[in-house]
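*Asks:* Handing you a structure now.
The values are calculated or read from the model by the stated rules, or taken from the named source; none is laboratory data. None of these values were measured; they are calculated from a predicted model. All Cβ positions, glycine included, derive from the backbone under ideal geometry; neighbour counts span all protein chains shown.
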Amino acid sequence: MESKHFSHPHNLSLHEIPEGAKIDCSGCNLPSSGLVYVCRQCNYFLHEQCFRASRSIQHPSHPLHPLTLIPYPTYTSGSFLCDSCRQTGSGFSFSCFNCDFDLHVHCACISQNTSTMDTESQTEVRGSNLIEHMSHANHFLTLLSKSLYVNGEFICNACGEYGRDTEYNCSTCNFDLHVECASLKENVNREDHEHHLTQYYFRFQVHMIARILTLSAMFVIAMFRRTVGFIAV
């Protein structure tokens, strides 16, 4: 069965990518796997997510205006700067022409008004700005357009890197995730490994960290005393 998409002049048909094939989505420019919409004539591919993305959304990170899905940047540079992850893009984006505000499709984290489950990223969406993520099962994470910390920066609890602006946050635990880290797939395939790679979450309790630091300090003090005693003798 063939379908039309506004981003491409020809009909697209749904196909499954063979395992091990390396194909990038023509919409978001990210690697594709599983089912994709294809134009064989042009080697044009779209993730099912990109194919079904809404033409217009109301996003909590930019409440003033709706964001419109456009197939390519309208800037003279031919690229855009995502206002969420601060990385450049050259494919699909959700944009506000009034404010020069742009989001990658995957950063926009398109959500429904009802609870839905993204089985690839293991993220449950509950409303427009609230998610339940497997890495922090105790509390919901809230999408913030600006970090609440004093310096405006946060450290992502997934990748350990700094971030600014839009993030997912648990204010109870000071737990933070980049939008793109919250959207990572649970399982991926690599050409250099025959098995699926599964994402695991390392949950390390604060009291365990404190206990290890205490034991480490006690060990250092004991070694210091032994060394001083040996020298004194």
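*Asks:* Could you count how many residues in segment 80-101 are polar (S, T, N, Q), part of a loop (DSSP other than H, G, I, E, B) and more than 19 Å from PRO31 (Cβ to Cβ)?
*Replies:* Total satisfying the criteria: 2.
*Asks:* Counting only residues that are in contact with an Asp or Glu (Cβ under 8 Å, 6 or more places away or on another chain) and farther than 13 Å from SER95 by Cα, how many does segment 42-67 have?
*Replies:* Residues flagged as in contact with an Asp or Glu (Cβ under 8 Å, 6 or more places away or on another chain) and farther than 13 Å from SER95 by Cα within segment 42-67 amount to 1.
*Asks:* Being acidic (Asp, Glu) and either free of Cβ contacts under 8 Å to residues at least 60 places away in the same chain or more than 16 Å from LEU30 (Cβ to Cβ) (or both) is the filter here, so list the residues in segment 175-190 that pass it.
*Replies:* Within segment 175-190, ASP176 is the sole residue that qualifies.
*Asks:* Can you give me the number of residues within segment 12-42 that are farther than 23 Å from CYS82 by Cβ and in contact with a Cys (Cβ under 7 Å, 6 or more places away or on another chain)?
*Replies:* 1
*Asks:* Based on what the data block shows, is LEU64 exposed (fewer than 11 other Cβ atoms within 10 Å of the Cβ) and among the aliphatic types (A, V, I, L, M)?
*Replies:* Yes.
*Asks:* Among the candidates SER183, SER145, which residue alone is modelled with pLDDT under 75 and hydroxyl-bearing (Ser, Thr, Tyr)?
*Replies:* SER145
*Asks:* Considering only segment 10-40, state which residues are at pLDDT 90 or above and either of a type in the set (S, T, N, Q) or exposed (fewer than 11 other Cβ atoms within 10 Å of the Cβ) (or both).
*Replies:* ASN11, SER13, SER26
Okay, residues lined up against (1) hydrophobic (A, V, I, L, M, F, W, C); (2) farther than 16 Å from GLU186 by Cβ; (3) at pLDDT 75 or above; (4) part of a helix (DSSP H, G or I):
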| site | (1), (2), (3), (4) |
| --- | --- |
| GLU132 | no, no, yes, no |
| SER135 | no, no, yes, yes |
| ASN157 | no, yes, yes, no |
| GLY163 | no, yes, yes, no |
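To keep it simple, each residue is scored yes or no on (1) assigned by TED's automatic domain parsing to the domain that holds ASN138; (2) acidic (Asp, Glu); (3) modelled with pLDDT under 70.
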{"site": "THR172", "(1), (2), (3)": "yes, no, no"}
{"site": "GLU191", "(1), (2), (3)": "no, yes, no"}
{"site": "HIS196", "(1), (2), (3)": "no, no, no"}
{"site": "GLN199", "(1), (2), (3)": "no, no, no"}
{"site": "ILE209", "(1), (2), (3)": "no, no, yes"}
{"site": "ILE212", "(1), (2), (3)": "no, no, yes"}
{"site": "VAL220", "(1), (2), (3)": "no, no, no"}
{"site": "PHE224", "(1), (2), (3)": "no, no, yes"}
{"site": "ILE231", "(1), (2), (3)": "no, no, yes"}
